[in-house]
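Peer 1: Pasting a structure here, questions to come.
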Amino acid sequence: MRDERIEKLSKNLLNYSVSLQKGEHILIEILGEDAIPLGKELIKQAENIGAYPHFNIINYEILKELLMNASEEQIKMYAKHDTQRMKDMDAYIGIRASSNTAELNGVPAEKMDLYNKYYTTQVHFEERVKHTKWCILRYPNNSMAQMSNMNTEDFEDFYFRVCTLDYEKMSKEMDKLVNLMNNTKNVHIVGPNTDLKFSIEGIPTEKYMGTFNIPDGEVATAPVRNSVNGYITYNTETRYNGILFNNIRFEFKDGKIVNAISNKTEELNMILDTDEGARYIGEFALGLNPYIEKPIGDTLFDEKIKGSFHFTPGDSLEESDNGNRSAIHWDIVNIQTPEYGGGEIYFDDVLVRKDGRFVLKEVEGLNPENLV
């Protein structure tokens, strides 16, 4: 059964997500070793298409050892060679499959900053995101199952149900929300310890329906950079640079995060001080995946939770660019379903979503029962 599901997922990834064509080169990158079965199937299916697969495996224990004492020059050289390889690719599939999601804990913050600035930004944000057809996903290993408080078999069932959703059906329903947001000037979000106002006027809205991330299901734009005012208290945990954060609260004035607290306030502010853009918001998105109902501590899943939104410090997306630039892009999620305290979202003073459900007739089709 599992082999059949892996085969189906592989075909979806290659034929739908990255639309791989005969003669194209694709890099299949595995972070951790647990996803080797999926990697093998992807190589097999890519060859059946007539494409040329390449692979890379990154071991987080070795990466940590490298970063502990790495110099700026060393990280730049590491990035230089991986950037050149990425330039040679037409497509990219990245599979996160670490057996320990906290493996990079203990790497000095200044080393992670160098890595994010000179490696991640150059190889991924500048080259891979802008110049390849790409898709990123996780793999259902024991670590993810444990993080989700599920046994491995149940988590696998959940994973494959979420990741093989009919994204084409979802995409058609998303068009109505995209049109609505493209014609919206001002957004107002209220909820427990949250009251935010900002403008999205003139910033394009995009839909994400399985062509960049698996799982997927979000409609995203960005606030006008200097327009955000108010405060937000996020009600999910989030991990950045291997550090687990919760109870994050941001206060904004004219777009900038002027006060930030959490369970690890010092570490939080160090991240926000990475560069000027890190204290401004680069993305505002609504989560729509009907099968994802609660956080599991993994951003690729959590940012798609039905009835959620994420409000992202850092670099803006190319598709909905508000001009903010940063070495970080941190999707932090707030859930507005009744179980998490509820909340309301208004577009130009009209109530669009209440307690995680769309109440505006034009977009009621995006409620979970219509997408399964």
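Peer 1: Find the residue count for the stretch 137-181, including only residues that are in contact with a helix residue (DSSP H, G or I) (Cβ under 7 Å, 6 or more places away or on another chain), open to solvent by 60 Å² or more (accessible area, probe 1.4 Å) and within 22 Å of residue 286 (Cα to Cα).
Peer 2: So the answer is 1.
Peer 1: Can I ask one more? Hey, among the residues in the stretch 182-219 that are open to solvent by 10 Å² or more (accessible area, probe 1.4 Å), modelled with pLDDT under 95 and not hydrophobic (A, V, I, L, M, F, W, C), which one's nearest to residue 133 (Cα to Cα)?
Peer 2: 211
Peer 1: Pull up the stretch 320-343, narrow it to residues that are surrounded by fewer than 16 Cβ atoms within 10 Å (Cβ to Cβ) and among the charged types (D, E, K, R), then point me to the one that is nearest to the chain's Cα centre (by Cα). Don't jump to the end; show me each part of the working.
Peer 2: Going residue by residue through the stretch 320-343, those that are surrounded by fewer than 16 Cβ atoms within 10 Å (Cβ to Cβ) are 321, 323, 338-339.
Next, only the ones that are among the charged types (D, E, K, R) stay: 321, 339.
Numbers: 321: 16, 339: 23 Å.
Looking at residues that are surrounded by fewer than 16 Cβ atoms within 10 Å (Cβ to Cβ) and among the charged types (D, E, K, R), I get 321.
Peer 1: For residues that are in contact with a strand residue (DSSP E or B) (Cβ under 6 Å, 6 or more places away or on another chain) and closer than 27 Å to residue 199 by Cα, tally how many sit in the stretch 238-252.
Peer 2: Of all residues in the stretch 238-252, those in contact with a strand residue (DSSP E or B) (Cβ under 6 Å, 6 or more places away or on another chain) come to 238, 245, 249-252.
Subset that is closer than 27 Å to residue 199 by Cα: 238, 249-252.
Of the residues in the stretch 238-252, 5 are in contact with a strand residue (DSSP E or B) (Cβ under 6 Å, 6 or more places away or on another chain) and closer than 27 Å to residue 199 by Cα.
Peer 1: Of all residues in the stretch 26-47, which are in a helix (DSSP H, G or I), of a type in the set (A, V, I, L, M, F, W, C) and more than 17 Å from residue 90 (Cα to Cα)? So that I can check it myself, show each step before the final result.
Peer 2: In the first step, residues of the stretch 26-47 are kept if they are in a helix (DSSP H, G or I); the result is 36-47.
Applying the additional criterion that residues be of a type in the set (A, V, I, L, M, F, W, C) yields 36, 38, 42-43, 46.
Across the stretch 26-47, the qualifying residues are 36, 38.
Peer 1: When you check residue 306 against the structure, is it at pLDDT below 95, open to solvent by 10 Å² or more (accessible area, probe 1.4 Å), of a type in the set (Lys, Arg) and closer than 19 Å to residue 162 by Cα, yes or no? First the steps, then the outcome.
Peer 2: Details: at pLDDT below 95: no; open to solvent by 10 Å² or more (accessible area, probe 1.4 Å): yes; of a type in the set (Lys, Arg): yes; closer than 19 Å to residue 162 by Cα: yes.
Taking the combined requirement at face value, the residue does not satisfy it.
Peer 1: Is it the case, given these coordinates, that residue 21 is part of a helix (DSSP H, G or I), among the polar types (S, T, N, Q) and open to solvent by 70 Å² or more (accessible area, probe 1.4 Å)?
Peer 2: no
Peer 1: Tell me, which strands (runs of 3 or more DSSP E) lie completely within the stretch 220-294 with 2 or more residues that are under 21 Å from the mean Cα position of the chain (by Cα)?
Peer 2: Values: elements: 229-233, 238-240, 243-245, 249-253, 256-261, 281-287.
Qualifying strands (runs of 3 or more DSSP E): 229-233, 238-240, 243-245, 249-253, 281-287.
Peer 1: Would you mind telling me which numbered condition in (1) touching a residue at least 12 places away in the same chain (Cβ under 8 Å); (2) surrounded by fewer than 20 Cβ atoms within 10 Å (Cβ to Cβ); (3) farther than 19 Å from residue 214 by Cα residue 43 fails?
Peer 2: Residue 43 satisfies every listed condition except (3).
Here's the yes/no breakdown for (1) out of contact with any Leu (no Cβ under 9 Å at 6 or more places or on another chain); (2) closer than 25 Å to residue 298 by Cβ:
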position: 220; (1), (2): no, yes
position: 224; (1), (2): yes, no
position: 227; (1), (2): yes, no
position: 235; (1), (2): yes, yes
position: 248; (1), (2): no, yes
position: 257; (1), (2): no, yes
position: 265; (1), (2): yes, yes
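Peer 1: What helices (runs of 4 or more DSSP H) completely inside the stretch 119-189 contain at least 3 residues that are among the aliphatic types (A, V, I, L, M)?
Peer 2: 142-147, 167-182
The values are calculated or read from the model by the stated rules, or taken from the named source; none is laboratory data. Just so we're clear, the structure is a prediction, and the values are computed from it rather than from any experiment. Cβ sites come from the backbone with ideal geometry, for glycine too, and all protein chains shown count toward neighbours. Surface accessibility is based on the protein's heavy atoms, side chains included, excluding ligands, DNA and RNA. Shrake-Rupley method; radii C 1.70, N 1.55, O 1.52, S 1.80 Å.
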